[in-house]
1. So for region 187-275, considering every pair of alpha-carbon atoms, how many percent are separated by more than 18 Å?
2. Give the relative contact order (percent, whole number) for the chain; include only Cα pairs under 8 Å separated by 6+ residues.
3. For region 1-69, treating each Cα as an identical point scatterer without solvent, what Debye log10 I(q)/I(0) comes out at q = 0.13, 0.15 1/Å?
4. GluC sites (Glu not before Pro) within region 139-186: which are DSSP loop residues with at most 13 other Cβ atoms inside 10 Å?
5. Give the long-range amide H neighbours of Ile318: residues separated by 5 or more places, or on another chain, with amide H under 5 Å away, using H modelled in the peptide plane at 1.01 Å from N.
6. Students often forget the sequence filter, so: which lysines lie under 17 Å Cα-Cα from Lys104 once same-chain residues fewer than 8 apart are removed?
7. HN-Hα J couplings of region 88-95 from phi, Karplus 6.51/-1.76/1.60, θ = phi - 60°, integer Hz, Gly and Pro as x?
8. For labels at Ser33 and Lys222 in the simple 7 Å Cα→Cβ model, what's the distance in nm?
Amino acid sequence: MEVYLDNSATTKCFDEVAELMTRIMCEDYGNPSSLHRKGVQAEQYIRYAKETVAQILKVNEKEIFFTSGGTESDNLAIRGCAYANCRAGRHLITTQIEHPAVLKTMKHLEEEGFRVTYLPVDRTGCVQLSELHRAITGETILVSMMHTNNEVGTLQPVSEAGLMIKQMNPRILFHVDAVQGFGKFRIHPKKMNIDLLSVSGHKIHGPKGVGFLYVDEKVKIKPIVFGGGQQSGLRSGTDNVPGIAGMARAAEMIYGDLDRERERLYELKEAFCSGVRQIPDVILNGHPGRDGAPHVVSVSFRGIRSEVLLHALEDKGIYVSAGSACAARKPQPSATLQAMGISGELLGSTVRFSFSVFTTMEEINYTLQTMYDIIPVLRRFSRK
């Protein structure tokens, strides 16, 4: 049996998405900037994608900008707004457990003279609103906070944070990295006081290399890529029509059955966590219940290196992650787990299991039984 439980890293593309993209690449392959019929056909796919995404978010189509993925969306949101609003202030706020696309962008801006506050988190990986309240100053121009943590599945109080920010200073921009939350929850930026929202296609059973950034029409933002002036000049470059249309189709399918599928994922998660608790000397990180994301479970296995367990499971056809898969195979301590106060011994013994619409209870049971069989053996070897 092959069991893929690394869906926070990437997901299997829906067949319908692959078919649509193949048709566009092989038949409706025009450049949407061209004036002839082929170009008009391609532009219709872009329009379909904007309409689809805008309806899901309950925003205006002109507020959707397509990118190459979550990393570019985060960069455009943070750098574009920092540069455009620096006369109003040079203070930015984020959290210690953000994706590297946010944290490294913030570090880059610090080198350019911006001041950044990195909010701490509690043992579950959650930001305290009191810390955010204390951090905001008259110089603050942007707050960036993830919706769902990619390593442990903790949900941040995004709605409450958005309301607090706007009550303190309506001019402060609020950016949310929703790469892990989009497709699992209904996210409505207008209602939640979110000014900018980043999303990636390959986390929702769409293609890699495409994403989008929602930008409220009132936001002052500068481009960070220059060229032909596509997408109202904010994001130049020939539109990736197959990717954009494929991502929209994936989003359409995911949100067409969101509530039922989320409930099913929570049931899988509960069964998995209950089974994991039967293993001695394990710690479930973050929120293992329904206070966390439905698709992510982080487990620390005392006495077993995460890479050893990962490959032992791989030998049985089970694919998981040793933390995050976003750092180009560079083994290093998890900043998220460190910020949560996880001890040094457990930092190197933590494995992430992440589920999708394709995950079945049979696969969960097989994974649990496999761990029951191999973990005692691995622990015996590790003690020698």
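A short reminder: the numbers here are calculations on the coordinates, not readings from a lab. None of the values given here were measured: they were computed from a predicted structure. Virtual Cβ from ideal backbone geometry, glycine too; neighbours counted across all protein chains shown.
1. Numbers: 2406 of 3916 pairs.
Summing the P(r) tail past 18 Å for region 187-275 gives 61 percent.
2. Details: 745 pairs, mean separation 88.4, N = 384.
So the answer I get is 23 percent.
3. The calculated log intensity ratios at q = 0.13, 0.15 Å⁻¹ are -0.54, -0.68.
4. Passing sites in region 139-186 are Glu139.
5. Those qualifying (amide H under 5 Å, at least 5 residues apart or on another chain) are Val3.
6. Partners found: Lys330.
7. For region 88-95, the Karplus-derived couplings read 7, x, 10, 10, 10, 10, 8, 10 Hz, x marking Gly and Pro.
8. The modelled label-to-label distance comes out at 2.2 nm.
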